[in-house]
Amino acid sequence: MARIMVVDDEGYARRYMRRVLKRVGHEVHEATDGHQALAVLRAHPVDLLITDLIMPQGRGIEEITACRKEFPKLKIIAVSGVAAYLNVAHRVGAHVTLEKPFNNRELLEAVDELLSRQD
């Protein structure tokens, strides 16, 4: 299975995504903001990044932009409760966007679809 980084400042959101992803066999790393995520990514490369966009420290848009430069092949899913931010995330490099709240099926379908891409 894949190595996935989940970034969200809300602990319940991280735990939810971790639980869903681990249940199907993925290895999951977590971070509470974009700054922490970049540090973890440098030490533990992953196949897929799932990041919230609105966080007090290290906002998701900045994180996506930095990841595109430093990890150009990294696959990225952006999540947010604000649809307008998802459009921006797509423009700066997120491959897939999910509007919160989403369910298990939507999360797993997005992950599977993105991991199956050969680009």
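The values are calculated or read from the model by the stated rules, or taken from the named source; none is laboratory data. Computed from a predicted model, the values in this text were never measured in an experiment. Neighbour counts are summed over all protein chains in view; Cβ atoms, including those assigned to glycine, are modelled from backbone coordinates with ideal geometry.
Is there a residue being surrounded by 12 or more Cβ atoms within 10 Å (Cβ to Cβ), part of a strand (DSSP E or B), hydrophobic (A, V, I, L, M, F, W, C) and free of Cβ contacts under 8 Å to residues at least 24 places away in the same chain anywhere in the stretch 94-110? Yes, some residue in the stretch 94-110 is surrounded by 12 or more Cβ atoms within 10 Å (Cβ to Cβ), part of a strand (DSSP E or B), hydrophobic (A, V, I, L, M, F, W, C) and free of Cβ contacts under 8 Å to residues at least 24 places away in the same chain.
Counting only residues that are at pLDDT 95 or above, closer than 18 Å to ASP9 by Cβ and surrounded by fewer than 19 Cβ atoms within 10 Å (Cβ to Cβ), the stretch 67-87 holds 0 of them.
In the stretch 47-55 there is at least one residue that is more than 16 Å from LYS100 (Cβ to Cβ) and either without any contact (Cβ under 8 Å) to a residue 60 or more places away in the chain or not hydrophobic (A, V, I, L, M, F, W, C) (or both).
Scan the stretch 82-101 and give yes if some residue there is within 15 Å of HIS35 (Cα to Cα), touching a Lys or Arg at 6+ places or on another chain (Cβ under 9 Å) and of a type outside the set (Ser, Thr, Tyr), otherwise no.
So in the stretch 82-101, the residues within 15 Å of HIS35 (Cα to Cα) come out as none.
So far as the stretch 82-101 goes, no, none of its residues is within 15 Å of HIS35 (Cα to Cα), touching a Lys or Arg at 6+ places or on another chain (Cβ under 9 Å) and of a type outside the set (Ser, Thr, Tyr).
Hey, could you check the stretch 16-38 for residues that are part of a helix (DSSP H, G or I) and modelled with pLDDT under 95 and say which is nearest to MET5 (Cα to Cα)?
So the first thing to find is which residues in the stretch 16-38 are part of a helix (DSSP H, G or I), and the list is 16-23, 34-38.
Going one step further and asking which of them are modelled with pLDDT under 95, we end up with 34-38.
Numbers: GLY34: 11, HIS35: 13, GLN36: 11, ALA37: 8, LEU38: 10 Å.
Checking each candidate, the answer is ALA37.
Among the residues of the stretch 55-63, is any surrounded by fewer than 15 Cβ atoms within 10 Å (Cβ to Cβ), out of contact with any strand residue (DSSP E or B) (no Cβ under 8 Å at 6 or more places or on another chain) and under 21 Å from GLY11 (Cβ atoms)? Quick ask: steps written out before the conclusion?
Of the residues in the stretch 55-63, the ones surrounded by fewer than 15 Cβ atoms within 10 Å (Cβ to Cβ) are 56-57.
If we keep only those that are out of contact with any strand residue (DSSP E or B) (no Cβ under 8 Å at 6 or more places or on another chain) as well, we get 56-57.
Applying the additional criterion that residues be under 21 Å from GLY11 (Cβ atoms) yields 56-57.
Yes.
Residue by residue through the stretch 73-92, note down the ones that are farther than 19 Å from SER116 by Cβ and part of a loop (DSSP other than H, G, I, E, B). Within the stretch 73-92, GLY81, VAL82 meet the criteria. Filtered by the rule that a residue be in contact (Cβ under 8 Å) with a residue 12 or more places away in the chain and more than 20 Å from ASP112 (Cβ to Cβ), the stretch 15-41 gives GLU30, ALA31, THR32, ASP33, GLY34, HIS35, GLN36, ALA37, LEU38, VAL40, LEU41.
Of all the listed residues (ALA89, ALA84), the sole one being hydrophobic (A, V, I, L, M, F, W, C) and free of Cβ contacts under 8 Å to residues at least 24 places away in the same chain is ALA84.
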